[in-house]
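Reading through the structure tokens given below for one structure.
Only the coordinates and a few stated rules stand behind these numbers; no lab work does. Quick caveat: nothing in here was measured; it's all calculated off a predicted structure. Cβ atoms come from the backbone with ideal geometry, glycine included; neighbour counts cover every protein chain shown.
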Ligand code: S3P
């Protein structure tokens, strides 16, 4: 992303006059791709990964695992082969590990590095250097590792890992799959049982993949909708092939565009449909979206299927706070759907949006207000007055190094009356390389 410093890629989007039509695949799931590379690097043997997301964020993880001693190669069919070092056998990196824009890469890696006997330094881009790392440093310090960060728990961060760590018993104070995963990954090299309790269930890709690689993991559901996860430490991970499904979070951009642009109909094949990731689909169906799911199957413990969507008359919706973890990355694009819908929408309990790739709560409000849509933030609820298909547009959107804001603003432009301008689309490459061209292949007409 260094290119960004010199060459931001602005975009002006005009309302499309033609429907969006076609069948497409979206790139691999970002969360699963990071984990596949990390688990493969920790496993014994050679793991083949098909469908890996080759976005900037995941390539940072690939580079980090290589710096820690794993061997990574990609063949001509884009299958990645990773030869692991085995748990406890990562080597000390000889330079700073630059995690770019990726909070998932940085936080999960903290977990791994905390319980390896190496010293490492993590950093990232200007967006990542503003994001809180204390949430992982706090529990991981209890393993016996030492963390030295910038003031306020910010990157760059030096980690002196402990090769003989204590296993953690930790109750998550925030609903965060990244924190849960960091604690579990630290537990891989700790003698005894690591236990994480989450008051609200968050995405469980780490648990699914641990089981896929042969670890002993037990998951208990609590009566209040949470989970208790127990992992037996110091067992080996055994290399297993991984097939990464399409990213449902990425699919939501063409998906919402097709819901809003009149007469559209698109089909997205092979999308990951883990129920802890599909809160946005539930919400869209509640809004009146015409959604069909077919060809469902399970791959490596992850549900997958094809999703079809037709242009629909959407109504406002009230989304409960408990649903937030299962759609946490989808609020920017759902805010666009709510802005276009008829009636008022309320998204409850969005505190965590303030610490994403940008302060997304502020950025969503600014994006919508600048384009003539009325919004309000009440405590941590976002209220949007739907324009009933008549979004004025005409605004200039600052995307704050945030891929999902950029893609959301591009969809807003497709349905607003006046042209919508974006300051930069570079960061789309972190999660959805080729997004603008793929959208053009179904008729978006973005001016590249
Ligand atoms: C992710 C967890 C979520 C999500 C992020 C990916 C993961 O973050 O927003 O894009 O892969 O574990 P939090 O754990 O901060 O909620």
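Tell me, how many Å apart are the Cα centres for the stretch 113-145 and for the stretch 239-299? Taking the Cα centre of each part, the stretch 113-145 and the stretch 239-299 sit 33 Å apart. If you take the square roots of the eigenvalues of the alpha-carbon gyration tensor of the stretch 399-445 and sort them as a ≥ b ≥ c, do you get rounded (a/c under 1.5), prolate (a/b over b/c) or oblate? Cα axes put the stretch 399-445 in the oblate bin.
When each of the peptides 165-175, 25-35 is scored by how many other beta carbons lie within 10 Å of its residues on average, the order from highest to lowest is 25-35, 165-175. Against the main long axis of the alpha-carbon atoms of the chain, helix 56-67 sits at an angle near 10°. Per-residue ellipticity at 222 nm computed for the chain from its helices equals -8500 deg cm²/dmol, with DSSP H segments shorter than 4 residues left out and the rest contributing -39,500 (n - 2.57). Could you state the angle between the C-alpha long axis of helix 360-370 and the longest principal axis of the C-alpha atoms of the chain, as a value from 0 to 90 degrees rounded to the nearest 10? The angle comes out near 20 degrees. Per 20 Å bin, what is the whole-percent P(r) computed from every C-alpha pair distance within the chain? With a bin width of 20 Å, the distribution comes to 27, 58, 16, 0.
A convex hull fitted to the Cα coordinates of the stretch 30-243 yields 101 cubic angstrom per residue. The relative contact order of the chain, computed from alpha carbon pairs under 8 Å that lie at least 6 residues apart in sequence, is 18 percent. Note on residue 318 and residue 354: with the Förster distance fixed at 30 Å, the Cβ-Cβ geometry gives a FRET efficiency of about 0.90. Relative contact order of the stretch 111-226: 26 percent, from C-alpha pairs under 8 Å at least 6 residues apart in sequence. Mean sequence separation of contacting Cα pairs (under 8 Å, at least six apart), scaled by the length of the stretch 260-375, corresponds to a relative contact order of 25 percent. Size of the stretch 49-96 from its Cα atoms: along the principal axes, largest to smallest, the extents are 31, 21, 15 Å. Per-residue Cβ neighbour counts within 10 Å put 359, 98, 447 in the sequence 447, 359, 98, beginning with the fewest. For the stretch 318-362, the Stokes-Einstein estimate of translational diffusion at 25 °C and a viscosity of 0.890 mPa s comes to 224 µm²/s, using the Kirkwood hydrodynamic radius over alpha-carbon pairs.
Stretching the chain fully between residue 297 and residue 342 yields a gain of 12.7 nm (0.36 nm per residue, less the alpha carbon separation).
Kindly work out what percent of the DSSP beta bridges joining two residues of the stretch 30-243 are antiparallel, to the nearest 5. If we restrict to bridges inside the stretch 30-243, about 80 percent are antiparallel. In this simple spin-label approximation, residue 141 and residue 241 carry label points 7 Å from Cα along the Cα→Cβ vector, and these lie 4.6 nm apart. Of the residues 441, 181, 410, the one with the fewest other Cβ atoms within 10 Å heads the list, and the complete ranking is 441, 410, 181. How far apart, in nm, are the 7 Å Cα→Cβ label points at residue 379 and residue 160? It is 4.4 nm. Sorted ascending by nearby beta carbons within 10 Å, beginning with the fewest, 282, 71 become 71, 282. Taken over the stretch 245-400, the ratio of Cα radius of gyration to 2.2 N^0.38 Å equals 1.01. Between 0 and 90 degrees, rounded to the nearest ten: what's the tilt of helix 30-42 against the longest Cα principal axis of the chain? Long axis of 30-42 versus the principal axis of the chain: about 10 degrees. Specify the inter-centroid distance of the stretch 12-41 and the stretch 399-448, based on alpha-carbon positions, in whole Å. What the calculation gives is 12 Å, centre to centre.
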